[in-house]
Amino acid sequence: MGISPITSSRSGFSGTIEMDAPVRGRLIAVEQNFYLLDVFAEGQYSGNQLAVFRNAAHIKADDMRRLAAEVHFSETAFIMSDEPWSGAYAMRVFTPAEEIPFSGHAVLGAAYVLQTELFGSSYPQMAVDLPCGRVNIAFTYRYTAVDLVWMTHLPPEYGGTVERHAAAAAVGLDVSEVIEGLPVIQVSTGMPFLMIPVRSRLALARARVDTQKYVSLREATGVRSLYLFAPETYSADNRFSARMFAPDYGIHEDAATGAGAGCLAAYVLDYMTPEFDATDFSIEQGYEIWRPSLLFARARRGVEGMRVDVGGRVQMVARGSFV
């Protein structure tokens, strides 16, 4: 299964980004404001770091990539305009290497910026348009401040399965550490991941990408993002621990992966609790890289198919400008 990282007929984004030689002069013609946020953060300086640029329609695609590489977070979000287009706010997301069709923590962080900087506390819902399609967002409040930001993912799509031994080898684990009886399978709710269920938090902590084995797996299956999860946590309040590696996107390891959490919610409902119509749980991530994060995920079956939602808390860290 594959989703082109920069092509979509639904949201109107298309084209390719070429890696040009370094350019002289300024990437952007005017001073460009940006925001730094921590997403899926329960406290200060935790969660997944994000940079957000507003009113970015004038920035060329390759310059967006260059700005993302300069910031060098796992993803950087660009909101095209403070004005909605056809009922939604158009945005694009770049890793340090390339554009991607969807990023959960980028969507939540960008929505938080729009809500706090533009809308105010009386704006409970909004939508953004990405290359993967339209994503609906809802806010919950504690008094007048935003508490949780939720996004509704696209319906799950399932790709091919991968042999346990090949998946284990790609992340430096023994095949016995990958849970037998559960599929190692590609899942997408906007962005595809190879879902790898591992037995314990200790096995999860030992995982390391083996570059040669990863490349072999990618060439054989098209897999580019690896999402590992274990049914053990630091806190008894949470249900899963997770890690995500995406070397091809310039992401050695992600501190919190909202897109992957949506895939996990669908996976749990379809493969781990198929007798139920709903699941609702929280996920720990980022502990191995000193960025503890907490993600909330839920999935429900309905007459129109499965609905998947992922939520979390967002902390504003800084405001500034590129000059």
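For the chain, set up a Gaussian network in which alpha carbons nearer than 10 Å are linked by springs, and say which option among T116, T152, T144 fluctuates the most.
Maximum among the listed residues: T144.
Once you treat every alpha carbon in the stretch 192-298 as an equal point and sum by Debye, what is log10 I(q)/I(0) at q = 0.21 Å⁻¹?
Each listed q maps to, in turn, -1.14.
Rank the residues Y249, Y227 as a footprinting-exposure proxy: fewest other Cβ atoms within 10 Å of their Cβ go first.
Starting with the residue having the fewest Cβ neighbours, the order is Y249, Y227.
From the Cα trace of the stretch 273-323, what convex hull volume per residue do you get, rounded to a whole Å³?
In the stretch 273-323, the Cα convex hull volume per residue is 142 Å³.
Which ordering of C263, C132 is given by a fewest-first count of other beta-carbon atoms within 10 Å?
Result, fewest neighbours first: C132, C263.
Which angle between 0 and 90 degrees, to the nearest 10, do you get for helix 258-267 versus the longest principal axis of the chain when only C-alpha atoms count?
On a 0 to 90 degree scale, this one is about 30.
Using the number of other C-beta atoms within 10 angstrom as an exposure proxy, rank S216, S235 with the fewest first.
S235, S216
Along its three principal axes, how long is the stretch 48-107 when you only count alpha carbons? Whole Å, largest extent first please.
Taking max minus min along each principal axis of the Cα atoms, the stretch 48-107 gives 30, 23, 16 Å.
Please compute P(r) over all alpha-carbon pairs of the stretch 243-307, binned at 5 Å starting from zero, and give each bin as a whole-number percent.
It works out to 4, 17, 24, 19, 15, 11, 7, 2, 0, in whole percents.
Just need log10 I(q)/I(0) for the chain at q = 0.13, 0.14 Å⁻¹, Debye formula, equal scatterers on the alpha-carbon atoms, no solvent, rounded to two decimals.
Here log10 of I(q) over I(0) equals -0.92, -1.07.
How big is the convex hull of the Cα atoms of the stretch 163-222, per residue, in Å³?
Spread over its residues, the Cα hull of the stretch 163-222 gives 85 Å³ apiece.
Which of these, S176, S241, S293, has the largest mean-square fluctuation under a Gaussian network model of the chain (Cα springs below 10 Å)?
Checking each option, the largest mean-square fluctuation is seen for S176.
Any read-out appearing in this document is the output of simple, stated calculations on the displayed coordinates, not a laboratory observation. These numbers come from a predicted model, not from an experiment. Cβ sites come from the backbone with ideal geometry, for glycine too, and all protein chains shown count toward neighbours.
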